[in-house]
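Asker: Please see the structure below; I have some questions.
The values are calculated or read from the model by the stated rules, or taken from the named source; none is laboratory data. It should be emphasised that the depicted structure is a prediction, and the values quoted were computed from it without experimental measurement. Reconstructed Cβ throughout: ideal geometry from the backbone, glycine too, with neighbour counts over all protein chains shown.
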Amino acid sequence: MDREIQGVVERLLAGASRRGMAASVCAIREEGNLTRFANNEIHQNVCQEDLVFTVRGCRAGRLATTRFHGADLTMADRALDRLEALVKVVPPIEGFVGFAEGARGLEVSRAAPGTIATTLGDKAGRIRDVHALAKSRGTQTYGAFVTGRMLLHVASTTGTSATLEATDATFEVIAARGARSGYAQASSVDASAVDVIGASAEAVEKAAATRPPEKIAPGEYEVVLAPYAVEPIVDQVGYYGAGGRSHVDGVSFLLGREGARVFADGVTLADDGGDPDRSLPMPFDADGVPKDRAVVIDRGVFQGALHDPLSARLAKSPPCASNRSTAGMFDFFGSPPMATNLVVSEGSVPAHGLCRGIARGLYVTRLWYVRMQDAPRGVSTGMTRDGTFLISDGEIGPPVEDLRYTQPLGELLSRVVAASDSGKLLSPTAWFSPRVRTSTFAPAMRIAGMRFTS
Amino acid sequence: MDPRDVTPIVDAARRAGAEAAEARIERVVHREVTVRSLEVESIREEEDTGFGVSVWIGGNEGFASSPALDADAIRRTVDRAIEAARASAASRAMPHTPALPEVRGEWRTPIRADALEVPISEHVDLLTAAAAACLARPKIALARASLAAWRYERAYANTAGASIVQTVHETGAQLVATAGDKGEIECRSYPTSLFHWRAAGQEFVDELDLVGHAHEICEEAARLLTAPQCPRERTTVLLGPYMMMLQIHESIGHPLELDRVFGDEKGFAGASFATPDRLGTKYGSELLSAVVDPTLAGAMGGYAWDDEGTAAAPRPVIERGVLVDYLSNRESAARLGHAPTSSMRCVGWKHKPIVRMSNLSVLPGTSSLDGLIGGIERGILVEHSTSGSIDDNRLNFQFGAEIARVIEDGRLTGALLRRPSYAGRTPEFWASLDGLGDASTWRVGGTPSCGKGQPLQIAHVSHGSPVGRFRDVQVGV
């Protein structure tokens, strides 16, 4: 355990107790660096470190939060002063029973030596190899290689003590040649296991089509979505469909559908930060409560919303029912409960076989700017990007111009007819601050009808 | 260490061998309160101090940042920045060390009262009263009232001897009423849904009068429950100023960021259809003129110098429909042979500056609101954005809103449409602009949630806009 963090946390918890407050502290120490490249050259190389303490205090149901950066003990004392002043003015929350009792002495390490040992020079050298590959195929590449390490510690006056030490590495690349482009991403806790050349070859191959994209008419098409395109769609299910706040506010399109079939029976979706192969690690939530596998959709049937203790209280559900507690992402101050590690179950079809039998359809590499246009109805919209191809007679054919889809997610995911027998672990390279990496594991999916509107 | 004195960081960079260096120290104090119905959903105060340093070695740039300001942290962070700069040399075609500006000055947002000095109990009481005013109205199932305030103290210095200190105050408040009945749900917000922030003090919160406006949004939210859905058709659309702000943001602001134009953002946020060969050509109708102005009074995201020390001033980017310039920093502007538009910004101490919007405004036209409505035989007035999606080249967009008002025979009929949406392509859409409101319709609004860059930077930006009228627009998508 980091002694500097330990010292500040002990001071905060002891100080809160002296002031008659229960307290919960979330400390995150991060070191990350990101190398960006564009037009086959590196144009940005940044290193960031941070140490941030988020402190929640509670007295007689009066709950407030403060945050500060750095290990300066005078900052810690000032934070306690601020917290005490806040809990004096805030009205009590009816039915709030205090901070959850989290794990005691839980320490999880998912730190890979291969990431810790990776230098900026190593990364730059691997990116130079990517550029050499791209130039040899007449393409330009754009993207980023992110590596980092994090220590996350949650402690409370109720005795919670949970610690995660983790590393992460994500490489993503767009290859472009004229109007043609392709995309690929690779993520792991271990930077040395990230296959940057393999990912780049995948993107370059998609961009190297001999013909420019042709324009096709909007309309309904049978589609095969690559894992990159499945990710933003299921993320919307996790946030808008299953998020606890969406349910208590009455705006979820899955509201009142618990136990009902809402998607095709081939769709199973869980929040599972403990799956070592399918998620970047998140073994406990912001309360320090260990996260079990919380199934959101089981073979098409909605299992229930993801609540934290506050939203569970408003939903009149037992707090942390079925180990569903996911007390918000750590990196957003006061973010609502949501899935942080979505895992979509694989199907039984080899990825290359998903197109088989499609007379005329579309292969979509990626979706972009996916937004919930009408939350209560679950109407989602977004654009295809970086590799959309016509499928003819079961084969992926020439590239086509990008299209916009607009469709209720309930309808779209009820039309899933197959999923690939393998998937990809994906994580956003544009991490928030402080860094707690979320992830989504997704297979490719074949969907009988996706509605493209422009 | 004095958080206004950046010199020790710049000196450390020089000693470590940097050919040039610039550094920023930033201290932020932030308050946020949200009341959900009659319960305080969240209440928090935060302070955040740290520094970031950019160095150039052999013409290659590296950046590093840290929350610690002691000598060890400065040395360690500078070393990391230098390591990053050296690593960049592995794949950099044209290294270049910039000539940094020698500029000195101090600036602060003019305010009457710092919202952060107001007892937080007063903010809790205000928001609770606003939410209670909503809950007393028929069919209102939920009310959420929120308020936030920021104070930034930013200090900048570089190896050329620059020294700038800026203090920025920003605040805003919002009330959202949710009506529910028979399984239907509709929301209305005041003053608006997204662009409700200003560079201002407590006086702006007071002027908003949340409690006094509760009945308006509650009544409309309840009426929307039984209003028809916006039909799918092509029609004339009048965009209210706050709806225009999202349109400006997504289809003028982002596509004119010169780093996007040159491909630097293609790996994440995307590129732009507005390539340099379009300079001097039509971007939209002749009514359209747009200006970048970080100094606009009251505009969130404003400043007197950007984060590389370029002095801010109003600069046109579109004049009478013609594209004349981009949003640029020192490096990208030089590639075009233009002067930078002081658009180099970082979010907090942690991040490297990149090209960003600050305030980008469409200038008012000459038509009154009645005149604009009077010129519509059949159409809708769309207000208060709820969603927005646009492709990575900023061409194909689709936006949603809280409410549309029906216009027939040159007047508002009083009928409402629920959950309106509209879609288009940027050049054709701006070319269809055939009426622009006068100064009486012009509003300034900001948002603290503009995302760009890797690592992601969520910037505060704002727009000024009048009401705009567009012909033959696809709605109800």
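Asker: Taking region A:15-70 as the search range and keeping residues that are part of a loop (DSSP other than H, G, I, E, B) and in contact with a Lys or Arg (Cβ under 9 Å, 6 or more places away or on another chain), which one is farthest from the other protein chains (Cβ to nearest Cβ)?
Answerer: Checking each candidate, the answer is A:G20.
Asker: Out of the residues in region B:205-217 that are in contact (Cβ under 8 Å) with a residue 40 or more places away in the chain and not small (G, A, S), state the one that is farthest from B:S449 (Cα to Cα).
Answerer: Only one residue tops the list, namely B:H215.
Asker: Step by step: first the residues of region B:317-364, then only those that are at positive phi and more than 14 Å from chain A (Cβ to nearest Cβ), then the one that is modelled with the lowest pLDDT. Which residue is that?
Answerer: The qualifying residue modelled with the lowest pLDDT is B:G337.
Asker: While we're here: Among the numbered conditions (1) within 14 Å of chain A (Cβ to nearest Cβ); (2) assigned to a helix (DSSP H, G or I), tell me where B:D277 comes up short.
Answerer: (1)
Asker: Condition first: surrounded by 15 or more Cβ atoms within 10 Å (Cβ to Cβ), of a type in the set (D, E, K, R), more than 8 Å from chain B (Cβ to nearest Cβ) and within 28 Å of the chain's Cα centre (by Cα). Can you find one or more residues in region A:88-109 that meet it?
Answerer: no
Asker: On to the next question. Provide a single number: the residues in region A:83-140 that are assigned to a helix (DSSP H, G or I) and hydrophobic (A, V, I, L, M, F, W, C).
Answerer: Summing the residues that are assigned to a helix (DSSP H, G or I) and hydrophobic (A, V, I, L, M, F, W, C) in region A:83-140 gives 13.
Asker: Let me ask something else about it. Taking the criterion of being among the charged types (D, E, K, R) and surrounded by fewer than 19 Cβ atoms within 10 Å (Cβ to Cβ), would at least one residue in region B:92-105 satisfy it?
Answerer: Within region B:92-105, one or more residues are among the charged types (D, E, K, R) and surrounded by fewer than 19 Cβ atoms within 10 Å (Cβ to Cβ).
Asker: Next question, about the same structure. Which of the following residues is within 12 Å of chain A (Cβ to nearest Cβ) and under 30 Å from B:R4 (Cα atoms): B:L116, B:L142?
Answerer: Every option except B:L116 fails the conditions.
Asker: Select, from B:E39, B:E26, the only residue that is of a type in the set (D, E, K, R), crowded, with 16+ Cβ neighbours inside 10 Å and modelled with pLDDT of 95 or more.
Answerer: B:E26
Asker: Regarding A:L12, is this residue more than 13 Å from every other protein chain (Cβ to nearest Cβ) and touching a helix residue (DSSP H, G or I) at 6+ places or on another chain (Cβ under 6 Å)?
Answerer: Judged against the criteria, A:L12 is a match.
Asker: Here's a follow-up. What are the residues in region A:116-168 that are without any contact (Cβ under 8 Å) to a residue 40 or more places away in the chain and basic (K, R), if any?
Answerer: Scanning region A:116-168 gives a single hit, A:R128.
Asker: Just to confirm my filter: which strands (runs of 3 or more DSSP E) fall fully inside region A:143-239 and include at least 2 residues that are under 18 Å from the mean Cα position of the chain (by Cα) and not assigned by TED's automatic domain parsing to the domain that holds A:P276?
Answerer: A:161-177, A:180-188
Asker: Which of (1) surrounded by fewer than 20 Cβ atoms within 10 Å (Cβ to Cβ); (2) of a type in the set (D, E); (3) closer than 25 Å to B:L360 by Cα is the odd one out, the single condition B:D259 does not satisfy?
Answerer: Status for B:D259: all satisfied but (1).
Asker: If you scan region A:54-64, which residues turn out to be surrounded by fewer than 24 Cβ atoms within 10 Å (Cβ to Cβ) and within 24 Å of B:F51 (Cα to Cα)?
Answerer: A:T54
Asker: Out of (1) over 15 Å from B:V33 (Cα atoms); (2) in contact (Cβ under 8 Å) with a residue 40 or more places away in the chain, what's the single condition that is false for A:R67?
Answerer: (1)
Asker: Please determine, by comparing only the residues of region A:401-414 that are farther than 13 Å from A:S380 by Cβ and surrounded by fewer than 20 Cβ atoms within 10 Å (Cβ to Cβ), which one is farthest from the other protein chains (Cβ to nearest Cβ).
Answerer: It comes out as A:S414.
Asker: Oh, and also: Just a yes or no: is a residue in region B:68-87 buried (at least 17 other Cβ atoms within 10 Å of the Cβ), closer than 30 Å to B:I185 by Cα, touching a residue at least 12 places away in the same chain (Cβ under 8 Å) and β-branched (V, I, T)?
Answerer: no
Conditions (1) closer than 30 Å to A:V400 by Cβ; (2) modelled with pLDDT of 95 or more, marked per residue:
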{"residue": "A:A186", "(1), (2)": "yes, no"}
{"residue": "A:G198", "(1), (2)": "yes, yes"}
{"residue": "A:E205", "(1), (2)": "yes, no"}
{"residue": "A:A208", "(1), (2)": "yes, no"}
{"residue": "A:R211", "(1), (2)": "yes, no"}
{"residue": "A:V223", "(1), (2)": "yes, yes"}
{"residue": "A:E231", "(1), (2)": "yes, yes"}
{"residue": "A:S246", "(1), (2)": "no, no"}
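Asker: Residue check: is A:R377 within 14 Å of chain B (Cβ to nearest Cβ), over 20 Å from the mean Cα position of the chain (by Cα) and either over 30 Å from A:A169 (Cβ atoms) or polar (S, T, N, Q) (or both)?
Answerer: Here the answer is yes, as A:R377 does meet what is asked.
Asker: Sticking with this one: Within region B:205-229, can you find the residues that are within 23 Å of B:R31 (Cα to Cα) and out of contact with any helix residue (DSSP H, G or I) (no Cβ under 7 Å at 6 or more places or on another chain)?
Answerer: The answer is B:D206, B:E207, B:L208, B:D209.
Asker: What are the residues in region A:344-389 that are without any contact (Cβ under 8 Å) to a residue 40 or more places away in the chain, assigned to a strand (DSSP E or B) and more than 23 Å from A:A179 (Cβ to Cβ), if any?
Answerer: Once the filter is applied, which keeps residues that are without any contact (Cβ under 8 Å) to a residue 40 or more places away in the chain, assigned to a strand (DSSP E or B) and more than 23 Å from A:A179 (Cβ to Cβ), region A:344-389 yields A:R371, A:Q373, A:D374, A:V379.
Asker: Restricting to region B:46-78, name every residue that is facing chain A (nearest Cβ under 7 Å), closer than 15 Å to A:D72 by Cβ and of a type outside the set (S, T, N, Q).
Answerer: Scanning region B:46-78 gives B:E46, B:E47, B:D48, B:G50, B:P67, B:A68.
Asker: With among the small types (G, A, S) and within 14 Å of chain A (Cβ to nearest Cβ) as the only criterion, which of B:A155, B:A131, B:A160 stands out?
Answerer: It is B:A131.
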